Each structure stands twice: as structure tokens, then as C-alpha cells.
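Reviewing the structure listed below.
The values are calculated or read from the model by the stated rules, or taken from the named source; none is laboratory data. Note that the coordinates shown come from a computational prediction; the quantities given were computed from them, not determined experimentally. With ideal geometry, Cβ positions are generated from the backbone for all residues, glycine too; neighbour counts draw on all protein chains shown. Accessible surface is based on the protein model in full, side chains and every heavy atom, while ligands, DNA and RNA are left aside. Shrake-Rupley method; radii C 1.70, N 1.55, O 1.52, S 1.80 Å.
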Amino acid sequence: MGSGRSGSTILGIALGNCADFFYAGELDNWLTRSGVPVLGGTERTRFWNTVREDVDGAEELFGSESHRYLERSRAVFRVNGWLTRRRLRPRYRRVTEDLYRAIAETAGVSYVVDTAHFPLRARELQHLHGIDLYLIFLVREAHSVVASFSRDVNPRDVVRRQLRTFSTNADLWLTHLLSLIVFLRQRRDRRMFLRHEDLLADPQGVLRDILDRLGSSAALPDLSSLSTGLPLRANRLIKSDVVALQARTERPVRGSRVTTLLQLPWPAIFARLDPAVTALKAPGQAPTPEAR
């Protein structure tokens, strides 16, 4: 749960390489894509076809309506959509619960890792009684998020870059606010706050802490050779069969004063959230290979 471009894909891949875990990718796309994965391949296609066959009644929800009215953060501004939400919600919750069960059974695991990051989706999951929900509120330094979303804008197009900066900051505010509300409503023993920078600084320590909080005794995976698995959808990392995660310090991004000013309250708020996933790296511990 949190903003896009915050490192959820590499975290999901790493957890998916642990015993009894399956990395499913961004499952908010399951309905919008009618259960069809974004990438092909015999094994991936067979897996998701089996999942789709095991979720009864999903076809009536295929499309973008549930995503638009129940999951996306901007749904809070669609005040005239309450009747639509009321109509969709019972079927949406039933299908979503059945989806998790089908994935777990098809993969033969106990833990399904879903890196859909919309807080309103997480709020809906809190009402499912057939799953044990654990939430990770994942946050990345705001300047890095804004820089990532602005990467496709020509540096010489000053007006467009300024507009992108303002729109990304607005999205961050909305996402953080909704995520905070959902996080605080989640049971304390089933929620975690994690900074992306802490994951990069000590991936082994962070992963061990997460596994311990989940009650999993799984051994840590080889971070120099992480299989990307069979996720439904995620960022471009999944186009590679194998990736790696290296302990490193993320270089500070030269950001704008606008972002500094607009995001001023959040560092103090995040500092008070608990429980926070902690880095456990021992002095002198050798680094592991880099995320690439």
C-alpha cells in the first residue's frame, strides 16, 4: 500500500522467492484485464487460466468499473458514484476473496503477495473474512517519486515538468492520507510501515523482519538470483527471468522546493508510525548483489 514508483515490485519479487510464498503482482489488474497476464509464456498463461477458471462469477465484474469506483484513490471524489459502489461491493468482495484462494491453491502456498498499492483497495480487503490480511505501507522519499514520474518529460519542457510536479505531489498527498487512515485501522500485529530506502540499505535484514512478523520461518532467498516468477502484472523488472537485489544507499535526488514544501508534514508523520520494519544488518556484513 502506498504510491507507485516506491519499490513494491522488487519487494514482491524478493518475498515471492521465499518458501510457501507466491508473488502475484498487481492484482488490481485482474478484473481490468479479465484475468489475463500482461506477459505471455506457456507456464504463466496456464497458471492464470487455472486461476480464472476457479473463480466463479468473475466475468460479470470484468472491466474497469470496480477499479474506478472501489479501488482508485480518486474514487473518493466521485460522490455521485455511491449507488454504483453499493451495487458492486458485495460481488467485488466475494470475487476478490475467491481470487486469493484460487491463487494460493493453484500455487500451492500459504502466502500470496499482492503489490497493488491502492489504499482504497486495501480498505476493501480489510472486510474479507476468508483471508488473513497483512498490510505493508511502503513509502519512498518524495523527491525520488516525483523524479521517477517526471522521467518521460522533456527537461526543456518547463511548463509540462512543473505541471507533472504539482500533479504528482497532489497524488502523493491523497495516497498518503488514505493509506494513513487504512493503516491505522488495521490490526497492529498485521500492519507494517516500511521505507524503500531501508529496504535498499539492508534487504536481508528487512526481509527477515517481515517474515518474522508474518510468522514465517522461511529462509531468506539468494538475493543475487531472484526469479521474477509468474506475476499477473508489475513493472518492467518482470520482463527478465532473474533479477538481483543489492544492499546500497539510494542517492538523494535533487528535488524542487515545491515538493519540499508540499510534502513537509509527512516525514514527521511517518516517523511516528509503528510497527516499522527495521534493518537488522550486522556490522561488516557483506553486501548482496544489486537490483538491476
**Q.** Proximal charge balance of residue 128 [Cβ under 15 Å; K/R count +1, D/E count -1]
**A.** +3
Q.
List the residues, sorted by chain then number, that are 5 or more residues from residue 193 or on another chain and whose placed amide H is less than 5 Å from its amide H.
A. 137, 276, 277
Q.
Need one word for the range 133-213: rounded, prolate or oblate. Basis is the Cα gyration tensor (sqrt eigenvalues a ≥ b ≥ c); a/c below 1.5 gives rounded, then a/b vs b/c decides.
A. oblate
Q) Just going by the charge dipole of the range 113-166, with Lys and Arg at +1 and Asp and Glu at -1 on Cβ, which of 145, 119, 134 is farthest out on the positive end? A) 145
Q.
Per q in 0.15, 0.16, 0.27 Å⁻¹, report the Debye log10 I(q)/I(0) for the range 90-153, using one uniform scatterer on each alpha carbon and no solvent.
A. -0.61, -0.66, -1.24
Q) Taking a probe of 1.4 Å, how large is the accessible area per residue of the range 1-124, in Å²? A) 44 Å²
Q: State the answer as a single residue: which of 159, 226, 215 lies farthest towards the positive end of the charge dipole of the chain, with beta carbon charges of +1 for Lys and Arg and -1 for Asp and Glu, about the Cα centre.
A: 159
**Q.** Neighbourhood charge, 9 Å Cβ-Cβ cut-off, centred on residue 196 and excluding it, Lys, Arg +1 and Asp, Glu -1
**A.** -2
Q. Ordered by residue, what ³J(HN,Hα) values in Hz, to whole numbers, does the range 255-268 give under the Karplus form 6.51 cos²θ - 1.76 cosθ + 1.60, where θ = phi - 60° and Gly and Pro are x?
A. x, 8, 5, 4, 5, 4, 5, 5, 9, 3, x, 5, x, 5
Q) Under the classification rounded if a/c is under 1.5, otherwise prolate if a/b is larger than b/c and oblate if not, where does the range 1-133 fall, given a ≥ b ≥ c as square roots of the Cα gyration tensor eigenvalues? A) prolate
Q: Quick one: work out Rg over Rh on the C-alpha atoms of the range 160-199, Rh as Kirkwood radius.
A: 1.14
(Q) Residue by residue through the range 119-131, what is 3J(HN,Hα) from phi via Karplus (6.51 cos²θ - 1.76 cosθ + 1.60, θ = phi - 60°)? Round to whole Hz and write x for glycine and proline. (A) x, 5, 5, 4, 4, 5, 5, 5, 9, 8, 9, x, 10
Q | Dipole magnitude of the range 111-171, debye to nearest 20 (Cβ charges: Lys/Arg +1, Asp/Glu -1, about Cα centre) | A | 360 debye
Q: Take peptides 115-123, 41-49 and line them up by average Cβ neighbours within 10 Å, highest first, as a rough protection proxy.
A: 115-123, 41-49
Q) Given C-alpha coordinates of the range 24-95, what is the ratio Rg to Rh with the Kirkwood estimate of Rh? A) 1.03
Q: Give me the number: length gained by fully extending residue 54 to residue 68, i.e. 0.36 nm times residue separation minus the C-alpha to C-alpha distance, one decimal in nm.
A: 2.6 nm
**Q.** Summed residue charge, Cβ within 12 Å of residue 258's Cβ, Lys/Arg positive, Asp/Glu negative
**A.** +3
Q) For the range 130-179 and the range 23-58, what is the separation of their C-alpha centers, rounded to whole Å? A) 27 Å
Q: Binning at 5 Å from 0, report for the chain what percent of all alpha-carbon pair distances ends up in each bin.
A: 1, 5, 11, 16, 18, 17, 15, 10, 5, 2, 0, 0
(Q) Computing the accessible area with a 1.4 Å probe over protein heavy atoms, can you report the carbon and sulfur percentage for the chain? (A) 51 percent
Q: Assign one of three labels to the range 179-248, namely rounded, prolate or oblate, based on the Cα gyration tensor with a ≥ b ≥ c the square roots of its eigenvalues; rounded applies when a/c is under 1.5, prolate when it is not and a/b is larger than b/c, and oblate otherwise.
A: prolate
